[in-house]
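Before any comments, here is the structure.
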Amino acid sequence: MKLKTAILRGSTLLVFFLCTAVTVSILKANLWYLLLFGGMGLFAGFTEFAIAMQPDKAQIIRRFVLFSLGTMLATLATIIAINFQFSEVCFNIYTGVITGALIQFTVARLIVPLLFGNIFCSRACWDSVIFELTDGKQKISNNDSKLPAWIFIGVIITTTYIISQSFVPKAGTPIMRYIFIAENLFIILIGIIFSKFFGRRFYCRKLCPFIAVSGLFAKFAIFKITPTQVDKCTSCQKCNNICPMGIDVMDYVKKNQRINHPNCIMCEKCVGICPQNCLLMDYKKGKRGE
Ligand code: SF4
Ligand code: SF4
């Protein structure tokens with residue numbers, strides 16, 4: 001049953017990204033988008049098959065994909081001079097020039113979340129590569145408020161608007177390269193330093209504009225982390241302890257509810273750690289973990 005679900009997940013990702021790759025590369029007359037979205041689809045799709053075939057190596061496979069896709073995106077961003085961060089999305093909207101930043105935002109943060117929640121965070125985000133490598137065991141408080149992220153979004157929207165009034169923010173110009181470097185350094189430093197004091201994945205949980213937006217759509221995702229064998233749960237709390245986003249996974253299991261938390265990044269760490277096989281990334285609830 002796990003294999004059947006994995007084939008469905010993998011095929012969905014593969015078909016969706018390949019269609020996106022062809023459509024966007026034709027519309028933009030740029031083959032880089034074929035590589036970008038095609039690469040994402042191939043990696044993301046085959047990851048699901050590989051994880052199902054080698055469940056013991058699920059996290060090694062997922063990290064390999066995250067590191068490969070994250071590095072590919074960072075390299076592509078440098079080559080085509082596009083900052084895939086939220087500021088560039090705002091600049092695209094203000095100038096009417098659509099670059100990979102706005103396209104990726106639309107695909108990865110508005111459409112994919114309706115299928116797989118915040119899966120982009122655990123499979124392709126280049127900041128996530130750094131945060132996975134530096135992740136510790138710092139405790140996370142129960143405060144799930146996303147207010148800091150929405151304030152941060154407001155600051156970015158305002159700042160980029162003011163900047164775009166003084167000059168045309170064209171990708172690839174020296175000043176845009178400085179913004180690219182400064183913004184990414186800011187994210188990485190805040191993420192690493194604040195996580196030491198305020199708990200794991202601080203930036204992702206509290207500030208990231210992308211997860212704040214995609215989290216709204218993730219609630220309606222078709223695929224979610226799903227309790228499969230609720231009666232077998234021994235309350236060992238291993239799922240809670242391993243969750244990098246501080247989600248009370250066991251509570252969802254006990255209530256037999258699918259995890260629709262806006263911060264779930266679909267990393268499947270809780271799935272892999274559960275000694276009773278109580279969890280699965282699935283499209284519907286039921287006894288499917290065997
Ligand atoms: S609930 Fe599970 S899949 Fe979601 S972030 Fe936590 S460990 Fe990852
Ligand atoms: S790891 Fe599995 S058995 Fe342990 S509390 Fe979580 S769901 Fe229950």
So in the range 232-268, with the set limited to residues that are charged (D, E, K, R) and within 10 Å of ligand 1 (Cβ to nearest atom), which one is nearest to the chain's Cα centre (by Cα)? GLU268
I'd like the residue in the range 194-229 that is of a type in the set (A, V, I, L, M) and buried (at least 17 other Cβ atoms within 10 Å of the Cβ) and, out of all such residues, is farthest from THR134 (Cα to Cα). ALA221
Identify, by number, the condition in (1) crowded, with 23+ Cβ neighbours inside 10 Å; (2) touching a Lys or Arg at 6+ places or on another chain (Cβ under 7 Å) that GLN138 doesn't meet. (1)
Among residues of the range 84-130 being touching a Gly at 6+ places or on another chain (Cβ under 7 Å) and not hydrophobic (A, V, I, L, M, F, W, C), the residue surrounded by the fewest Cβ atoms within 10 Å (Cβ to Cβ) is ASP127
Out of all the residues in the range 245-252, is one or more in contact with a helix residue (DSSP H, G or I) (Cβ under 7 Å, 6 or more places away or on another chain), more than 16 Å from ligand 2 (Cβ to nearest atom) and closer than 24 Å to PHE86 by Cβ? no
Could you tell me which of the residues ASN263, ASN241 is away from ligand 2 (no atom under 16 Å from the Cβ) and not assigned by TED's automatic domain parsing to the domain that holds ILE156? ASN263
Take PHE167 and decide whether it is assigned by TED's automatic domain parsing to the domain that holds ALA21, touching a residue at least 24 places away in the same chain (Cβ under 8 Å) and of a type outside the set (S, T, N, Q). no
Yes/no for ASN142 being polar (S, T, N, Q) and closer than 20 Å to LEU13 by Cα: no
LYS232 - would you say it is more than 24 Å from LYS137 (Cα to Cα) and within 12 Å of ligand 2 (Cβ to nearest atom)? yes
Selected residue [loosely packed, with under 13 Cβ neighbours inside 10 Å and β-branched (Val, Ile, Thr)] from ILE188, ILE153, ILE157, ILE181: ILE181
Could you tell me which of the residues ARG9, ARG63 is over 21 Å from PHE131 (Cβ atoms) and in contact with an Asp or Glu (Cβ under 8 Å, 6 or more places away or on another chain)? ARG9
Any residue in the range 140-152 that's under 17 Å from GLY246 (Cα atoms): show its pairings with residues that are of a type in the set (Asp, Glu) and part of a loop (DSSP other than H, G, I, E, B) at Cβ separation under 9 Å, as long as the two are six or more apart or on different chains. ASN142/ASP248
For the condition assigned by TED's automatic domain parsing to the domain that holds ASN118, away from ligand 2 (no atom under 16 Å from the Cβ), assigned to a loop (DSSP other than H, G, I, E, B) and not acidic (Asp, Glu), what is the one hit in ARG200, ARG205, ARG177? ARG200
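Condition check ((1) at pLDDT 95 or above; (2) in contact with a strand residue (DSSP E or B) (Cβ under 8 Å, 6 or more places away or on another chain)) across all residues:
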site: ARG177; (1), (2): no, no
site: ASN184; (1), (2): no, no
site: LEU189; (1), (2): yes, no
site: LEU207; (1), (2): yes, no
site: PHE210; (1), (2): yes, no
site: PHE217; (1), (2): no, no
site: CYS239; (1), (2): yes, yes
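The values are calculated or read from the model by the stated rules, or taken from the named source; none is laboratory data. Keep in mind that this is a model prediction, so the values were computed, not measured. Neighbour counts are summed over all protein chains in view; Cβ atoms, including those assigned to glycine, are modelled from backbone coordinates with ideal geometry.
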